[in-house]
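Quick notes on the structure that follows.
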């Protein structure tokens with residue numbers, strides 16, 4: 001089962017597709033790892049953005065989506081566009097969407113440390129947050145394998 005880890009930065013989503021089979025993690029190549037919501041005030045733009053992600057999830061047979069949760073207050077608080085993006089993803093009815101807070105991720109990583117350093121994955125540096133979120137999600141969904 002492929003899980004899509006998502007990190008939202010401003011008006012952009014960064015993706016990482018990851019699966020776990022027989023206890024081994026597999027990174028799936030993705031045709032586009034960044035998607036931008038160009039005009040968050042236009043309903044049609046939000047619908048088009050949502051459709052684009054839904055189609056990507058269908059094409060890659062993604063069943064679960066894990067979003068790195070952003071705080072609502074404080075120095076690292078998410079902006080309004082980011083929360084629109086989050087809602088648009090949560091409303092996609094063909095996937096299960098879960099949010100992972102920093103504290104929850106940290107706790108899961110303590111019990112399931114990453115088997116290799118991020119640099120050894122071959123992913124782009126900006127994908128680290130999305131990769132970590134996907135890894136944390138798979139570690140929670142399939143802790144025994």
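Beta-bridge orientation, the chain: approximately 60 percent antiparallel, per DSSP, counting only bridges with both partners inside.
Packing, as the average of other Cβ atoms within 10 Å across residues, places the peptides 30-39, 63-72, 130-139 in the order 130-139, 63-72, 30-39, highest first.
Only helices enter the 222 nm calculation for the chain: every DSSP H run of n ≥ 4 contributes -39,500 (n - 2.57), and dividing by all residues gives -11500 deg cm²/dmol, rounded to 500. For the pair the range 45-71 and the range 76-133, the centres of their Cα atoms are 13 angstrom apart. Kindly express, to the nearest 10 degrees and within the range 0 to 90, the angle between helix 80-90's C-alpha long axis and the longest C-alpha principal axis of the chain. The angle comes out near 60 degrees. By its C-alpha gyration tensor, with a ≥ b ≥ c as the square roots of the eigenvalues, how is the chain shaped: rounded for a/c under 1.5, else prolate for a/b larger than b/c, else oblate? Note, shape of the chain comes out prolate. Axis angle, to the nearest 10 degrees, between helix 43-59 and the longest C-alpha principal axis of the chain: 30 degrees.
Throughout, read-outs are computed from the coordinates displayed, never taken from laboratory work. Given the structure is predicted, the values throughout are model-derived calculations rather than measurements. Please note: Cβ atoms are built from the backbone with ideal geometry, for glycine as well, and neighbour counts cover all protein chains shown.
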